[in-house]
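What follows is a single structure, written as structure tokens, with notes after it.
The values are calculated or read from the model by the stated rules, or taken from the named source; none is laboratory data. As the structure is a computational prediction, the values presented were derived from the model and not from experiment. For the accessible areas, the whole protein counts, side chains as well, though only heavy atoms, and no ligand, DNA or RNA atoms are used. Shrake-Rupley method; radii C 1.70, N 1.55, O 1.52, S 1.80 Å.
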Amino acid sequence: MDQENNSEDDSVGPSGDGMPCLPPDLSDGEAVELLWQLRAQRRQSSPELPETVSRLTAPDGSILYLVGTAHFSDSSKKDVATTIRAVQPDVVVVELCQYRVSMLKMDENTLLKEAKDINLDKVQQAIKQNGVMSGLMQILLLKVSAHITEQLGMAPGGEFREAFKEAGRVPFCKFHLGDRPIPVTFKRAIAALSLWQKARLAWGLCFLSDPISKEDVEKCKQKDLLEQTMSEMIGEFPALHKTIVAERDIYLTHTLRQATRCVESPPNAQKVPAVVVGVVGMGHVPGIERNWDKQLNINEIMSVAPPSRVGWVLCAVIKGVMMGMLGYACYRVGGSLGRALLSLPPVRSLLETLRPLPA
């Protein structure tokens, strides 16, 4: 996929539920013009929006309403719905990539179950998609998400599902995925950490058990408190902050600016400034605001360096240990049972995943 056109290519068609009913005898042209006029009537020129919304303007006059959200927050879902209903946007952009798009159409109960269920299949998929180190780190982060899900009884991504639903109710509204592909982010993050930093981060994620409340989540919408937390993280893992936050600030700014391009008015095919709603985590809002008027080059934050010799040796050791454990298990259960175990599709798939890297 051409990353330069990510906001165009990574579009997802909203469901369209809640769209206004039109008289059956209208021609296509008349229906389009009527819907355009209806949206213009609904669009508020000076809307009263939540304090979590920032307003940015593009050189051609297009407007971006940037909604800063806290994940796992009911009030963030309301902020998103209020903003989209008030401004009736041409485009909605969310902080998701194509690898996480499935959460938009899953129901809350399914997502709750998925978030809590970290099994062998998920481990295999993460390793196949991202490599051993990045895959294992992704599993640890999923564990953190599952911890929060269990504490709050709420599935992640509610604000994005709300944006998807509300965009489907706005005539002519497009829905774009604006985030950098998650495999790139994980691989760049792992490559930026030293072996000691990787061990410390993994240890911290493995033993995360602090309780979290809905009040704690809502505090994440406060910019001052969030920036203080970010500063503490920068002090401990500056490379991780750079790849997971700062680089994605740049990428999100790039896709949001692509979305704020003039649109064509159906009645006369004239180009008019666009109205865009962006839905991102509050931690990305300051970076997007700083980058909005800068020249950006996303090519340099899309490359993934080859693994170092130390990293390659470590991966080989991990794979060797896992192969050894599997072999010992087969030995313990006996020859015939061992052969039966090795014939199972999940085990064969795991062996394929753990095949040593070529020299």
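Our coupling estimate for the range 171-177, obtained by passing each phi through the Karplus curve with A = 6.51, B = -1.76, C = 1.60 and θ = phi - 60°, is x, 6, 7, 9, 10, 10, 8 Hz, Gly and Pro reported as x. For the set Val67, Val53, the ranking by accessible area, highest first and with no ligand, DNA or RNA atoms included, is Val53, Val67 under a 1.4 Å probe. Taking amide H as placed 1.01 Å from N in the peptide plane, Lys174 has its amide H under 5 Å from the amide H of Val91, Val92, each at least 5 places away in sequence or on another chain. For Phe72, nonlocal amide neighbours, meaning residues 5 or more places apart or on other chains whose placed amide H falls under 5 Å from its own, are Gly157, Gly158, Glu159.
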